[in-house]
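Laboratory data are not the source of any read-out in this text; all were calculated from the coordinates shown. Not measured: the values here are computed from a predicted model. Here the Cβ positions follow ideal geometry from the backbone for every residue, glycine too, while neighbour counts run over all protein chains shown.
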Amino acid sequence: MQDLKVLTKEEKEGLDVPRISEDQVAENSFGKKVYIESYGCQMNFADSEVVTSILQENGYVTTSNVKEAHTILLNTCAIRENAEHKIRHRLQVFTHLKAKNPALTVGILGCMAERLKTKLIDEEKIVDLVAGPDAYRDLPALLDEVSDGQKAINVFLSREETYGNIEPVRLNSNGVTAMVSIMRGCDNMCTFCVVPYTRGRERSRDLPSIIAECEKLFQQGYREVTLLGQNVDSYKWTSEEGQLVNFAQLLEAVAIVNPLLRVRFSTSHPKDITDEVLYTMKKYDNICKNIHLPAQSGSNRILELMKRSYTREWYLDRIKSIRNILGEECGVSQDMIAGFCTETEEDHQDTLSLLADVEYDFGYMFAYSERPGTPAEKKLTDDVPEEVKMRRLQEIIDLQRIHSANRNEMWVGRKVQVLVEGDSKKSKLHHFGKIDSNKVVVFPKGNEVKGDYVFVNVNHCTSGTLLGELC
Ligand code: SAM
Ligand code: SF4
């Protein structure tokens with residue numbers, strides 16, 4: 001376990017702010033400046049945009065400067081133990097801020113709030129407010145409770161809440177790409193996963209509000225939307241007239257908003273992704289040819305223990321369909337877990353051979369982290385030693401790196417269309433953007449601006465980036 005008490009030098013220096021009395025706080029914008037920090041998956045980042053919208057409607061203003069905030073909200077992740085450690089460590093940092101400004105409110109939102117509930121308030125004295133992912137409409141009332149001197153908590157999980165009628169306020173936006181939440185929760189109950197317990201039952205957002213949000217984003221100059229859900233392929237919504245809309249139909253409805261609006265989506269579940277979805281992707285040039293298809297393991301025995309509801313053969317058949325319908329160029333990425341309960345060396349070799357069979361463009365790879373309350377924690381034994389998990393994880397990462405480089409090589413010497421997203425991180429003289437299969441391209445600037453589509457000749461690549469010149 002890491003030592004949660006230790007602050008780095010920079011963190012201590014970052015807290016060197018003048019003391020503020022409660023009276024001063026009240027004078028300064030009536031105590032309504034909120035600073036939000038988000039952790040974890042894209043859904044959490046999208047949720048913070050919903051939270052900001054709800055708070056702004058209620059007279060709050062957001063600040064990116066934590067030192068001037070009256071309220072700090074951490075939108076948290078609980079997927080692995082170290083995600084929660086990170087938050088507890090961050091709270092240590094804020095303890096020093098609160099010592100200097102006793103009127104400061106600290107709230108925990110999201111999955112860690114939902115998982116730990118009142119325990120968070122008991123264990124972390126600095127925490128004033130705890131709100132689960134379905135309780136964000138209640139935040140203004142919860143903040144009022146805190147300003148009345150009470151601790152406030154709402155961790156009620158809803159079967160209906162989709163925040164469909166709330167227009168998110170884009171945070172840290174490049175003005176080109178935006179996330180659009182299409183569903184919430186998950187019904188899959190993979191044995192390792194805490195999401196069904198922290199985000200509740202699966203529910204889909206109504207189609208008209210999704211389309212209205214995408215249309216508005218396009219009018220505002222955005223050129224790419226990513227449709228978000230834990231399992232987008234199980235999207236289903238029924239109109240008042242009784243018409244059932246599935247994910248392929250939703251995808252088509254978003255694609256026709258405007259041919260210049262690129263559409264991406266995440267995450268697909270291998271058991272649910274249909275050929276209808278793949279053919280819809282093929283039909284529309286603006287639906288990006290990239291699929292994130294988490295495998296988690298290449299071993300049938302482990303997939304069964306994980307209750308993933310597919311076999312390695314089924315998974316490979318889905319990959320075959322992707323290649324048949326969308327071709328070799330379609331980007332495919334994975335999530336993989338190393339060292340799940342009872343995983344043997346042979347199971348691990350099956351994972352490495354799945355990587356070799358598919359040759360993914362990209363991957364998110366994790367060592368198994370047992371989560372309290374999950375079926376795996378209750379019924380299985382987390383028996384793979386930490387050093388073995390780490391060694392296996394490293395082998396998966398090393399192989400993926402080779403494949404990422406190979407897949408990038410495929411683009412060298414080609415002319416690609418790039419949506420420009422902004423300045424390259426390394427040089428103001430270069431722009432960066434993505435091709436539709438989600439590869440980052442960096443090239444010297446011409447006259448183009450953010451949001452333009454340009455053609456670039458790819459000259460070379462690294463395992464993470466394509467490098468080229470404007471055509
Ligand atoms: N819904 C998506 C799916 O089914 O693929 C993924 C959701 S989860 C937020 C993202 C990834 O975290 C999972 O695909 C899995 O690889 C990883 N993950 C989830 N629980 C984990 C655990 N207990 N230990 C390690 N990794 C985990
Ligand atoms: Fe978790 Fe499985 Fe649901 Fe993904 S599909 S969120 S891994 S339970």
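Across region 138-216, C-alpha contacts under 8 Å between residues 6 or more apart give a mean separation that, scaled by the residue count, equals a relative contact order of 30 percent.
Principal-axis analysis of the Cα atoms of the chain puts helix 345-358 at an angle of about 70° to the longest axis. Loop exposure criterion: GluC sites (Glu not before Pro), DSSP state outside H, G, I, E and B, at most 11 other Cβ atoms within 10 Å. Applied to the chain, the longest stretch between such sites is 1-159.
Using unit Cβ charges (K, R positive; D, E negative) and no other charged atoms, how large, in debye to the nearest 20, is the dipole of the chain about its Cα centre?
Working: 59 positive and 71 negative charges, 136 e Å.
Roughly 660 debye, rounded to the nearest 20.
Where a ≥ b ≥ c are the square roots of the eigenvalues of the C-alpha gyration tensor, would you call region 192-266 rounded, which needs a/c under 1.5, or, failing that, prolate if a/b is larger than b/c, or oblate? Please list the in-between numbers first.
Values: a/c = 2.24, a/b = 1.42, b/c = 1.57.
It comes out oblate by the Cα gyration axes.
Each Cα pair under 8 Å and six or more residues apart adds its sequence gap; the mean of these over the residue count of the chain is a relative contact order of 10 percent.
FRET efficiency for the pair Glu240 and Asn324, taken as 1/(1 + (r/R0)^6) with r the Cβ-Cβ distance and R0 = 56 Å, rounds to 0.90.
If Lys and Arg each add +1 and Asp and Glu each add -1, what is the summed charge of the other residues whose beta carbon sits under 14 Å from the beta carbon of Arg318? Show your work: numbers first, answer last.
Working: positive: Lys271, Arg308, Arg312, Lys320, Arg323; negative: Asp233, Asp272, Asp275, Glu276, Glu313, Asp317, Asp357.
So the environment of Arg318 carries a net charge of -2.
Counting Lys and Arg as +1 and Asp and Glu as -1, what is the net charge of the other residues whose Cβ lies under 15 Å from the Cβ of Cys471? Working shown, then result.
Working: positive: Arg414, Lys415, Lys445; negative: Glu448, Asp452, Glu469.
Charge balance near Cys471 sits at 0.
Between the Cα long axis of helix 42-57 and the first principal axis of the chain there is an angle of about 40°, rounded to the nearest 10. In this structure, Asp398 and His460 have a Cβ-Cβ separation that, at R0 = 30 Å, corresponds to a calculated FRET efficiency of about 0.85. Convex hull volume of the C-alpha atoms in region 274-424, normalised per residue: 150 Å³. Placing R0 at 25 angstrom, the Cβ-Cβ distance between Thr311 and Glu37 gives a FRET efficiency of 0.05 after rounding to 0.05.
Around the Cα centre of region 323-438, unit charges on the Cβ atoms of Lys, Arg, Asp and Glu (plus for the first two, minus for the last two) sum to a dipole of about 780 debye. Dividing the Cα radius of gyration of region 351-471 by 2.2 N^0.38 Å, with N the residue count, gives 1.42. Above 35 Å, the calculated P(r) of the chain contains 37 percent of its Cα-Cα pairs. Measure nothing but the geometry: give the 0 to 90° angle between the long axis through the Cα atoms of 386-409 and the longest principal axis through the Cα atoms of the chain, rounded to 10°. In the chain, helix 386-409 runs at an angle near 50 degrees to the longest axis. In a reduced charge model with +1 at each Lys and Arg Cβ and -1 at each Asp and Glu Cβ, region 109-168 shows a dipole moment near 220 debye about its Cα centre. Distance from the C-alpha centroid of region 154-227 to that of region 33-104: 19 Å, rounded to the whole angstrom.
Residues of region 349-391 with the amide nitrogen closer than 14 Å to a label point 7 Å from the Cα of Asn406, along Cα-to-Cβ, please. Taking a point 7 Å out along Cα→Cβ of Asn406, the residues of region 349-391 whose backbone N falls under 14 Å are 352-362.
Over region 316-384, calculate the relative contact order: mean separation of alpha carbon pairs under 8 Å at least 6 apart, over the residue count, as a percent. Could the numbers behind the result be given before it?
Details: 59 pairs, mean separation 28.9, N = 69.
In percent, rounded to a whole number, it is 42.
Count the net charge of all other residues whose Cβ sits under 12 Å from the Cβ of Thr381, scoring Lys and Arg as +1 and Asp and Glu as -1.
Working: positive: Lys378, Lys379; negative: Glu343, Glu370, Glu377, Asp382, Asp383.
Within the 12 Å Cβ shell, the charges total -3.
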